[in-house]
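Quick notes on the structure that follows.
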Amino acid sequence: MGRTRQALERNLFAYVEQLATGSEASGKGLAAFEMRSIGKIDKALAGLKDYVTLLSRSQAAYMKALSGLLNDEASYTTLDESLPLVKAAAERLRDS
């Protein structure tokens, strides 16, 4: 009976070691996954920030041009300046 008990204790200890090792490996895997996910989220947010910035600049340029047109002071230069901003914003959106 003593031998059976010792064998059971050894088996139990081996299972506990396996669980601890598995838990440690799982924790490392989850930490790595979290870092990758955070990196992707940060990259997406940075792209979104750039897109919104370009879009805001474009809208401001259009508002300025429209104001000029409404005041009979056509500002085609302002429209020409805003077109590249819109194209850049569209390209950023496509790339993200």
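The values are calculated or read from the model by the stated rules, or taken from the named source; none is laboratory data. Keep in mind that what you see is a predicted model, and the values were worked out from it rather than measured. Every residue, glycine among them, receives a Cβ derived from its backbone with ideal geometry; neighbour counts consider all protein chains shown.
The table below gives the values:
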read-out: Of the criteria (1) modelled with pLDDT under 85; (2) of a type in the set (Asp, Glu); (3) in a helix (DSSP H, G or I), which one Glu24 fails; value: (1)
read-out: Verdict on Thr77 being modelled with pLDDT of 90 or more and of a type in the set (Val, Ile, Thr); value: no
read-out: Residue check for Tyr51: touching a residue at least 12 places away in the same chain (Cβ under 8 Å), of a type in the set (Ser, Thr, Tyr) and assigned to a helix (DSSP H, G or I); value: yes
read-out: Selection status of Asp42, assigned to a helix (DSSP H, G or I), within 29 Å of Arg92 (Cα to Cα) and at pLDDT 90 or above; value: yes
